[in-house]
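Some notes on the structure that comes next.
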Amino acid sequence: MRISSVGTALPAHRYSQAEVAEALLNRWGSKLPEPRLLTRLHANCGVDFRHFVLPLEAYPTLVGFKATNDVWISNGVELGQICITRALSPLGLTTADISAIFFASVTGIASPTIDARLINLMPFPASVKRTPIFGLGCVAGAAGIARASDYVSAFPKQIALLLSVELCSLTWQDNDQSIANLISCGLFGDGAAAVVITGDDVVLPASKAAAGPRILATRSTFYRNTEYVMGWDIGDTGFTIVLSPDVPKVVIENLRGDVESFLAENGIGLSDVASWIFHSGGPKVLEAVETSLELPKDALKGSWDSLRQVGNLSAASVLMVLADTLENHRGTPGTYSILAAMGPGFCLELVLLQW
């Protein structure tokens with residue numbers, strides 16, 4: 001089984017971090033005991049630019065959860081169509097070739113889900129199997145690849161599609177001026193990505209795309225009694241961020257041992273991993289990953305670059321880094337990569353790739 005393609009899509013409204021901070025200061029200034037704190041927190045997020053589904057001036061007009069969720073649905077469908085087409089077209093495929101679709105998001109709710117709405121707009125087969133994934137947050141990009149690979153492992157003649165749409169700007173809360181919310185509003189952006197995972201017996205035209213990396217193994221790890229670390233409190237106004245300063249600590253304490261044991265199960269060690277495709281969680285998270293794994297300074301360059309250019313896109317972030325890797329930093333044949341993300345639970349998802 002193989003990752004054959006990734007397609008991405010970003011909303012049209014792009015702002016510098018300074019523009020976002022200024023807009024939020026104008027919106028919340030009277031509610032902030034120390035307005036300069038917001039500017040300082042935003043400056044330390046490692047983010048230069050972000051994309052949003054609405055112009056900054058439109059967000060104060062969204063009142064209540066229904067209004068924001070309706071925007072999530074309409075824009076989720078639009079961005080989903082774009083990145084699915086971008087993932088399939090280079091392979092000479094259409095949605096009619098897809099046997100299973102996995103949909104991951106944690107920034108809105110719909111029933112029928114976004115994937116069902118897309119099936120009505122695009123020529124997916126009526127027999128396509130749907131697996132919507134909600135609640136995994138940042139880890140869902142890696143977990144979605146793992147679950148899709150489980151599927152094509154069982155059905156090697158078939159093709160699975162993972163779609164993640166995360167519109168984090170729609171979760172801003174006007175009545176929450178906590179440090180966690182101020183950081184969240186400076187860190188998270190909007191975007192979508194689609195990944196095509198092909199079974200071992202699927203043959204694509206060689207002229208359409210270079211072979212992507214094989215998926216050799218995956219591992220899920222759940223850290224008990226850490227549900228306070230990250231997630232949402234969901235109420236009348238929508239999603240209120242839960243974000244503990246303990247996230248880097250959990251990374252430092254657990255990541256290396258889990259990665260080493262996973263690699264050992266597959267007969268290799270840390271020194272055999274040629275590249276790392278990590279979720280762009282934020283500066284402190286990426287620094288904790290570098291420290292835990294004793295990585296060279298530029299080992300997570302793709303993750304740092306993605307964070308700087310588009311912010312943290314929750315589940316879609318690691319898929320953005322993967323897309324850049326496929327396009328610009330493909331591995332030498334035979335070399336290994338680790339794709340990884342962590343998220344609410346608190347949990348870790350690892351995917352071992354070979355080029």
* To do: May I ask you to verify whether residue 184 is touching a residue at least 60 places away in the same chain (Cβ under 8 Å) and among the small types (Gly, Ala, Ser)?
  => no
* In this structure, is residue 150 touching a residue at least 24 places away in the same chain (Cβ under 8 Å), in a loop (DSSP other than H, G, I, E, B) and not basic (Lys, Arg)? -> no
* Structure fact -> Filter the range 271-293 for residues that are among the hydrophobic types (A, V, I, L, M, F, W, C) and part of a helix (DSSP H, G or I); the one that is surrounded by the most Cβ atoms within 10 Å (Cβ to Cβ) is 289
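Answer with yes or no whether residue 319 is surrounded by 19 or more Cβ atoms within 10 Å (Cβ to Cβ) and in contact with a Lys or Arg (Cβ under 6 Å, 6 or more places away or on another chain).
Values: surrounded by 19 or more Cβ atoms within 10 Å (Cβ to Cβ): yes; in contact with a Lys or Arg (Cβ under 6 Å, 6 or more places away or on another chain): no.
In short, no.
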* **Boolean, residue 184 is among the polar types (S, T, N, Q) and surrounded by fewer than 22 Cβ atoms within 10 Å (Cβ to Cβ)** => no
* Structure fact -> Of the residues in the range 320-346, those that are at pLDDT 95 or above, more than 18 Å from residue 217 (Cβ to Cβ) and touching a Ser or Thr at 6+ places or on another chain (Cβ under 6 Å) come to 320, 321, 323
* Structure fact -> Just one listed residue, out of 182, 204, is over 20 Å from the mean Cα position of the chain (by Cα), assigned by TED's automatic domain parsing to the domain that holds residue 15 and at pLDDT 85 or above, and it is 182
* To do: Kindly check whether there is at least one residue in the range 251-263 that is in the same structural domain as residue 291 (by TED's automatic domain parsing), surrounded by 14 or more Cβ atoms within 10 Å (Cβ to Cβ) and small (Gly, Ala, Ser).
  => no
* Can you find even one residue in the range 124-147 that is over 30 Å from residue 188 (Cα atoms), in contact with a strand residue (DSSP E or B) (Cβ under 6 Å, 6 or more places away or on another chain), touching a residue at least 40 places away in the same chain (Cβ under 8 Å) and not in a loop (DSSP other than H, G, I, E, B)? -> no
* Do we find a residue being modelled with pLDDT of 95 or more and within 18 Å of the chain's Cα centre (by Cα) anywhere in the range 233-255? -> no
* Structure fact -> Only unsatisfied item for residue 58, checking (1) modelled with pLDDT of 95 or more; (2) more than 20 Å from residue 174 (Cβ to Cβ); (3) among the hydrophobic types (A, V, I, L, M, F, W, C); (4) surrounded by fewer than 15 Cβ atoms within 10 Å (Cβ to Cβ), is (2)
* Asked: How many residues are surrounded by 14 or more Cβ atoms within 10 Å (Cβ to Cβ) and within 27 Å of residue 300 (Cβ to Cβ) if we restrict to the range 19-37?
  -> 2
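Which fully enclosed strands (runs of 3 or more DSSP E) of the range 188-248 have 2 or more residues being surrounded by 14 or more Cβ atoms within 10 Å (Cβ to Cβ) and among the charged types (D, E, K, R)? Spell out how you get there, then give the answer.
Values: elements: 190-198, 214-222, 230-235, 238-243.
Those strands (runs of 3 or more DSSP E) span 214-222.
Which residue out of 310, 273, 289 is touching a His at 6+ places or on another chain (Cβ under 8 Å), hydrophobic (A, V, I, L, M, F, W, C) and either free of Cβ contacts under 8 Å to residues at least 24 places away in the same chain or outside the structural domain of residue 134 (by TED's automatic domain parsing) (or both)?
On the way: 273 fails: touching a His at 6+ places or on another chain (Cβ under 8 Å); 289 fails: touching a His at 6+ places or on another chain (Cβ under 8 Å).
Testing whether each residue is touching a His at 6+ places or on another chain (Cβ under 8 Å), hydrophobic (A, V, I, L, M, F, W, C) and either free of Cβ contacts under 8 Å to residues at least 24 places away in the same chain or outside the structural domain of residue 134 (by TED's automatic domain parsing) (or both) leaves just 310.
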* Go through the range 94-111 and give me each residue that's of a type outside the set (Gly, Ala, Ser), over 22 Å from the mean Cα position of the chain (by Cα) and part of a loop (DSSP other than H, G, I, E, B). => 94
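The values are calculated or read from the model by the stated rules, or taken from the named source; none is laboratory data. Nothing here was measured: the structure is a model prediction, and the numbers come from that model. In this analysis, Cβ positions are derived from the backbone assuming ideal geometry, glycine residues included, and neighbour counts consider all displayed protein chains.
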